[in-house]
Amino acid sequence: MRAVIVPFLRVLKQRAPNIKVAVLAINENAVQHQLEQRLLDFALVTPDFHAPDIHAKALYDEQYVCAVRHDHPIAKQNSLSLEQFCQLEQALVSYHGGSFSGVTDDALAKLGLSRNVSLSVQNFIVLPDLLAQSDLLAVVPRRLVSNLPQLKLFEPPLAIQGFTKTLIWHERTHRDVAYRWLRELMAEACQ
């Protein structure tokens, strides 16, 4: 959300300073109904979301990086070995809550490896603060942490599949000039 909403709001407030915006956490199981019922105007999802009467626009492709606090014991290194990566205590994001595995673990399993995940959080927003105050490592979207001086970033020591952030909206607003302008503004802000 930080990678999309912050730049979007910056541009939006310059061009439409009196507009009001409500930013809500979404549940992908309910988002189609919320769009149909005008409870949401649009939503940010990953491209595997499909539903009738829903339009989509890819905003950007995202890659993962490994992040630790700037003075973490490994912060002086230039790279991270696969062995170190598997041994270091880690945090991950579980959107549905409570899971201790994700796309990184899928990639590790293909190599017959696993990692040491000790913390699961439900969204990426709290992760930078947690990392800055601990010895945890996390695999996070690059845009989320690229400008945070309290964190040191490493390329992952294995291939981890990234994702595309996608904007979706309902057919009811597809041709509406004002909604089209907002969607185009969001796409522009993400570039």
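The values are calculated or read from the model by the stated rules, or taken from the named source; none is laboratory data. Nothing here was measured: the structure is a model prediction, and the numbers come from that model. Positions of Cβ are generated from backbone atoms using ideal geometry, with glycine treated the same way; all protein chains shown enter the neighbour counts. Surface areas here come from the heavy atoms of the whole protein model, side chains and all, with no ligands, DNA or RNA. Shrake-Rupley method; radii C 1.70, N 1.55, O 1.52, S 1.80 Å.
Condition check ((1) under 28 Å from Leu113 (Cβ atoms); (2) assigned to a loop (DSSP other than H, G, I, E, B); (3) touching a residue at least 40 places away in the same chain (Cβ under 8 Å); (4) open to solvent by 70 Å² or more (accessible area, probe 1.4 Å)) across all residues:
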| position | (1), (2), (3), (4) |
| --- | --- |
| Leu35 | no, no, yes, no |
| His50 | no, yes, no, yes |
| Tyr60 | no, no, yes, no |
| Pro73 | yes, yes, yes, yes |
| Leu80 | yes, yes, yes, no |
Please state which of the following conditions Phe85 fails to meet, knowing it meets all the rest: (1) aromatic (Phe, Trp, Tyr); (2) outside any loop (DSSP other than H, G, I, E, B); (3) at pLDDT below 95. (3)
Turns out the strands (runs of 3 or more DSSP E) fully within the stretch 127-191 with at least 2 residues that are in contact with a strand residue (DSSP E or B) (Cβ under 6 Å, 6 or more places away or on another chain), under 28 Å from Asn116 (Cβ atoms) and open to solvent by less than 40 Å² (accessible area, probe 1.4 Å) are 137-141, 151-154
Give me the residue from the stretch 115-126 that is of a type in the set (A, V, I, L, M) and either modelled with pLDDT of 95 or more or closer than 9 Å to Ala91 by Cβ (or both) and, out of that set, most open to solvent (accessible area, probe 1.4 Å). Leu119
What number of residues within the stretch 88-98 are in a strand (DSSP E or B) and either at pLDDT below 95 or farther than 19 Å from Gln63 by Cα (or both)? 3
Filter result for the condition that a residue is polar (S, T, N, Q), in contact with an Asp or Glu (Cβ under 8 Å, 6 or more places away or on another chain) and either within 24 Å of Arg2 (Cβ to Cβ) or touching a residue at least 24 places away in the same chain (Cβ under 8 Å) (or both), over Asn147, Asn123, Asn116: Asn116
Of the residues that make up the stretch 135-143, is at least one under 17 Å from Glu62 (Cα atoms), hydrophobic (A, V, I, L, M, F, W, C), touching an Asp or Glu at 6+ places or on another chain (Cβ under 6 Å) and in contact (Cβ under 8 Å) with a residue 60 or more places away in the chain? no
Could you tell me how many of the residues in the stretch 1-16 are at pLDDT 90 or above, part of a loop (DSSP other than H, G, I, E, B) and open to solvent by 80 Å² or more (accessible area, probe 1.4 Å)? 0
Does the stretch 99-106 contain any residue that is in contact with a His (Cβ under 8 Å, 6 or more places away or on another chain), surrounded by 12 or more Cβ atoms within 10 Å (Cβ to Cβ), in contact (Cβ under 8 Å) with a residue 24 or more places away in the chain and not in a loop (DSSP other than H, G, I, E, B)? no
